[in-house]
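Contents: one structure, followed by commentary.
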Amino acid sequence: MAEQDQSGTTTSGTKRGVHGAWASRWTFVMAATGSAVGLGNIWKFPYIVGENGGGAFVLVYLVCILLVGIPIMVAEVMLGRRGRQSPINTMRYLTEEAGLHGAWNAIGWLGVTAGLMILSYYAVIAGWALHYVGQMASGAFQGASAEQAGAIFGNLLADKNTLIYWQTIFLLLTMAIVIGGVTKGLGVAVRILMPMLFVLLMILLVFSYKHGDFERGLNFLFSFNYQALTWEGVLEALGHAFFTLSLGMGAIMAYGAYMPEHARIGRTVLAVGFIDTAVALVAGLAIFPIVFANPAIEPGAGPGLMFVSLPVAFGNMTGGLLFGSFFFVLVTLAAWSSAISLIEPAVAYLVESKGFNRITANLSLGLMAWVVGLGSVLSFNEWADTRVAGFTFFEFMDFLTSSVMLPLTGLFIAIFVGWIMKPDTVREELDDESNRVFFSWRWVLRFVSPLLVLVVFVLGLYKTFW
Ligand code: PFF
């Protein structure tokens, strides 16, 4: 067992709890929701549903959230709160505590690396949203048809300088917050912004109900057309369950490290999972009816889906200029509160172990994400035809992180907490839960989650490449 001296320093030489803590359980809920609700819900979920033919994919996704996402999220928060450090040092501390092989530290490393890789392309897409704020406000989409909206989006993708400009601005914004520490500012901002985002989504929902083909949209999302589902799609749904809940990459573990000692983890995680799923479904219901009302937009249009269908809606809505730019401000803010949690675990590690301060840590990591992100920028124009195993650079980064690294890290976490850690240690950290809740959770985490991840992962990879 790792010894701790008075200052909270472990035998591995790292300090526990140096980054401060959330003011309350509620601040944790908001911060974790801020991390979870992002581009994954509003941009990615609808377009991958579209690419995978609708309802059956949605069902698989919901099953993954319930049987894999929520149980693993509880495990991550629990690990973080016990370790009270960056994911890398948390895992080091916990393996030392249990006298285990150092290979388990790979969980921390894999997660932190995946986070930075995701940040690289996340910033590019968030940059599109930033650009759209101005486009909306300037009236570029006023009265636009689906064809016109598609052309405007196409022109943006072709223009790499504009893409790099907005990608840079978004990364600078992200670093600015993380330099200042997550506890202040962010908690407050998220508490105001998340409800606003929700209200705006509702307004869009009403618009799509009135002006879109709502019935077809609803059918597409909720009727289970199994023929459309493939094993690749199932793997994508699983990967997305991790992505959307910010799991498998240390973000939630890092946030768990700042959680108050006696906050109930179970119900907290359920709240975050519920809000996250609700936002994704409402986004789908706001987007697809508009898509089906405009034959020029394909449900399988890919990453551009939201950037074409929503401007069409806004451009033809009273007050659309205002609502539209406001909407993209909020998408940006949702992305912002997520991006912060993508870089924070690595920042925390550099500060704890490598003698960086928050400024130098952010600048170095931000620069790395920026350089790798250029690959994604170019994959939408100059490198659009360059493919590795059928993927563009952006698609490859997305696949590697969401469909490979996150499920793998999640699998290791489930095995570590379910099978390797001493049950007493786990129980001690979750002592606020009733026996029934605790033992059901542990059972699912031991048997259901790992098996599901393993089967889907192996079959999905097999079908993707062979
Ligand atoms: N959950 C975020 C979203 O759905 O957009 C993305 C994300 C944030 C993934 C933070 C991972 C993470 F650590």
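We did not get these values from a lab; they are worked out from the coordinates using the rules stated. Note that the structure is predicted; figures quoted are calculated from it, not measured. Quick reminder, even Gly has a Cβ in these numbers, built from the backbone with ideal geometry, and neighbours come from all protein chains shown.
Figures for the structure shown
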{"read-out": "Cα-centre dipole for region 291-390 with unit charges at Cβ (Lys and Arg positive, Asp and Glu negative), debye to 20", "value": "180 debye"}
{"read-out": "Cross-link pairs beyond the 28 Å C-alpha cut-off, checked among LYS44/LYS463; LYS422/LYS463; LYS44/LYS160", "value": "LYS422/LYS463"}
{"read-out": "Proximal aspartates and glutamates to LYS354, defined as alpha-carbon separation beneath 18 angstrom and excluding residues fewer than eight positions away on the same chain", "value": "GLU344"}
{"read-out": "Degrees between helix 358-379 axis and first principal axis of the chain (Cα, 0 to 90, nearest 10)", "value": "40 degrees"}
{"read-out": "Helix 106-137 axis, angle to the chain major axis (alpha carbon atoms, nearest 10°)", "value": "30 degrees"}
{"read-out": "Test item: Cα-centred dipole of the chain, Lys/Arg +1 and Asp/Glu -1 on Cβ, debye", "value": "680 debye"}
{"read-out": "Principal axis box of the chain, alpha-carbon based, largest edge first, Å", "value": "66, 46, 41"}
{"read-out": "Rg/Rg_ref, region 349-466, where Rg_ref = 2.2 N^0.38 Å and atoms are Cα", "value": "1.49"}
{"read-out": "Electrostatic dipole magnitude of region 339-466 [Cβ: Lys, Arg +1; Asp, Glu -1; Cα centre; debye, to 20]", "value": "300 debye"}
{"read-out": "Listed residue (GLY355, PHE399, ALA283) projecting farthest to the positive dipole end of the chain, Cβ model", "value": "GLY355"}
{"read-out": "Rounded Å value of the spacing that divides the Cα centres of region 398-460 and region 268-304", "value": "28 Å"}
{"read-out": "DSSP-assigned coil residues among GluC sites (Glu not before Pro) in region 182-265, each with at most 10 further Cβ atoms within 10 Å", "value": "GLU261"}
{"read-out": "Dipole of region 183-297, positive end: most advanced residue of ILE252, PHE224, PHE292 [Cβ charges, Cα centre]", "value": "ILE252"}
{"read-out": "Residue (of PHE439, THR409, THR425) at the positive-pole extreme of region 402-443, dipole from beta-carbon charges", "value": "THR409"}
